[in-house]
1. In the set 82, 110, 121, 140, which member is of a type in the set (A, V, I, L, M), assigned by TED's automatic domain parsing to the domain that holds residue 22 and touching a strand residue (DSSP E or B) at 6+ places or on another chain (Cβ under 6 Å)?
2. Taking the range 253-268 only, how many residues are closer than 17 Å to residue 288 by Cβ and surrounded by fewer than 22 Cβ atoms within 10 Å (Cβ to Cβ)?
3. Note down all Cβ pairs under 6 Å where the first residue falls in the range 364-377 and is closer than 12 Å to residue 438 by Cβ, the second is among the aromatic types (Phe, Trp, Tyr), and they're at least six residues apart or on different chains.
4. Looking only at residues in the range 388-422 that are polar (S, T, N, Q) and part of a helix (DSSP H, G or I), which one is farthest from residue 371 (Cα to Cα)?
5. Could you run through the range 38-57 and say how many residues are in a loop (DSSP other than H, G, I, E, B) and within 17 Å of residue 84 (Cβ to Cβ)?
6. Residues in the range 39-60: is at least one among the acidic types (Asp, Glu), at pLDDT 95 or above, buried (at least 18 other Cβ atoms within 10 Å of the Cβ) and assigned by TED's automatic domain parsing to the domain that holds residue 172?
7. Keeping to the range 289-329, report how many residues are on the phi > 0 side of the Ramachandran plot and under 25 Å from the mean Cα position of the chain (by Cα).
8. Just give me the residues in the range 138-176 being part of a strand (DSSP E or B) and farther than 17 Å from residue 106 by Cβ, in sequence order.
Amino acid sequence: MDISTGTDLMQLASSLEGDLITPNQGNYDEARTIWNDMIDRKPLGIARCAGTGDVVRVVNFARDNKLLLAIKGGGHNVAGNAMCDGGIVLDLSNMRSVTVDPSSKNVHVAGGCLLSDLDQATQEYGLVVPGGIVSHTGVAGLTLGGGFGWTSRKFGFSIDNLISAEVVTADGSVLTVSQKENDDLFWAIRGGGGNFGVVTSFKFKAYEAGPEVYSGIVVHPWENAKKYIQFHREFVRTLPDEITLFMVLRQAPPFPFVSENAHGKLAVIVPFMYLGNPEKGEELIRPLREFSGTLGESVGMNSFLEWQTGFDELNGHGARNYWKSHHLTGLADGLIDALIEAAENFPSPLCDFFIAHWEGAPSRIDENATAYAHRKVPFGINMHTRWMDPADDEKCVAWVRKVHENTLPFAKGVYVNFLSQEEESRVKDAYSEEGWSKLVRIKSKYDPANFFRMNQNIRP
C-alpha cells in the first residue's frame, strides 16, 4: 500500500466520528504543536478521536499499515512522545468529560482530560482526586507514570487511587482493567506509562478537600541557601502527611510580596499546602517562616483551584525544555554544594531545580503493589532546563547533562514522568529489577510487536 497517496487516509477519515487533520489543512501546524517547543514533528495525520470506537479504528489502521503511532493526551510530556514523524497521532484532546458521583466519591475521567478539567469538576462537590501541580498537564500521562502533587502525601499518588480503567490494546481489543479484571495489565499501567495500550477512561477514588486550603510561598535569600536546605531536609521529615512542602532553586519571579531588588536574583522558594485547620497549619510552618530572615512571603487561605494553577505560568507552553531527574536518598551536603554551584551557572533565567519531598501515604504502600517502585525514597529532584532561543539548545542540554552526572552519587532511581529522551538503561532505573522483568512479561503478552513504542519504552 502506498500511504502517501492519501487514499487510505481518506478511508480512515471517513470512518471516524472525530476528525483527521492532515498536512494540507490550515489547522495542521497548530494541531502538531505540543508543550515542549523543541519538538517539531510532522505526522501523516492527527486523528482527533470522539470516543473509544475511534480509538479502536485508529489503532487498527496504524497497526495494519505498519505506521508509527503516537498518543496525545495533554501533550505535556517533556520527551515529546505525543507527536511523531511520518506516522499517525492518536489525539484524545476532544475526549474530556468528567463525571463525579458525590455519594460514592468515584470519578470517571475521559482519556483526554487535563488536570484542570478534573479539578474543576471535583471541586464542585468539595472533592479532589490526587493529581499534579500544573493544571494544563494531561491526566492520562500523569497517572500512567505515577502522579504526584499537593495532596499525594495525604491521599497517595494518582495510581494509588485508580479503581479501574478502559484500555485499547494493540490488537484493537477494549479491556476493562482493575484488581478483579485483567489484573496484570492493571498492575502495569500504574507506573508503566503508555507501553501497554491507549487508556480511554479512568475511574478514580476522590476525597474531601477545599474549596479553600491553607497554603503559601516563603522566599529565602540565596546567601543562606546551604543553611536553609540543611534545615529543610530535616524539617520536612518531621511534618504530618497533611502538609506538603516543595523547594525550588531559581531566580525569583516578580512576586508582588518580594522586593523588586530581589526579582531576577537567585533565591530559595518554598511553596506549601496544608490540608487541615489553618491554625494548626500556621503552627506547623512557623519554623519555615522564622528561619534566618526571608525575602518575603504570601501565606493564608487560598482557593484550591487557584492554588493548583500556581505553577502554570512558570511551566507554560512555548518554551524549549530538556529535563534530567533523580530520586534522592537524602539532601547530603555534597549534593547541596553541587546544586548551589550549578544554580549559580544556570544557562538560562528560566531554569530551576524543583525538589519534592515524597514519603507520606505512598511510602506505606508495598513497593511491589504497582509498577511504580521507588516509594521509600524521601526526595526527588527535577532539573528543569528551560529556554527560548534554539541557538541555546546545545549549551542548555550539555549543562543539565553535566549536573545530572555530578549528582548521580546521591540518587536512587528516577520518576518516569520526568524523563526526557533517554536510553533504555535510564528507563529501567524507574523500576525495581523484579518490576522491570514483570513489565517485560506483560508487554510481551499485550504488545509483542512493540506497537506502542512512542513512550519511555519497555521492549517485549
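1. Working: 110 fails: assigned by TED's automatic domain parsing to the domain that holds residue 22; 121 fails: assigned by TED's automatic domain parsing to the domain that holds residue 22; 140 fails: assigned by TED's automatic domain parsing to the domain that holds residue 22.
Among 82, 110, 121, 140, only 82 is of a type in the set (A, V, I, L, M), assigned by TED's automatic domain parsing to the domain that holds residue 22 and touching a strand residue (DSSP E or B) at 6+ places or on another chain (Cβ under 6 Å).
2. Qualifying residue count, the range 253-268: 3.
3. 373/431
4. If we take residues in the range 388-422 being polar (S, T, N, Q) and part of a helix (DSSP H, G or I), then 406 is farthest from residue 371 (Cα to Cα).
5. Total satisfying the criteria: 8.
6. Scanning the range 39-60, I find no residue that is among the acidic types (Asp, Glu), at pLDDT 95 or above, buried (at least 18 other Cβ atoms within 10 Å of the Cβ) and assigned by TED's automatic domain parsing to the domain that holds residue 172, so the answer is no.
7. Total meeting the criteria: 1.
8. 138, 167, 168, 174, 175
The values are calculated or read from the model by the stated rules, or taken from the named source; none is laboratory data. What you see is a predicted model; the values in this text were computed from it and never measured. Don't worry about glycine lacking a Cβ; one is built from the backbone with ideal geometry, like all the others, and counts go over all protein chains shown.
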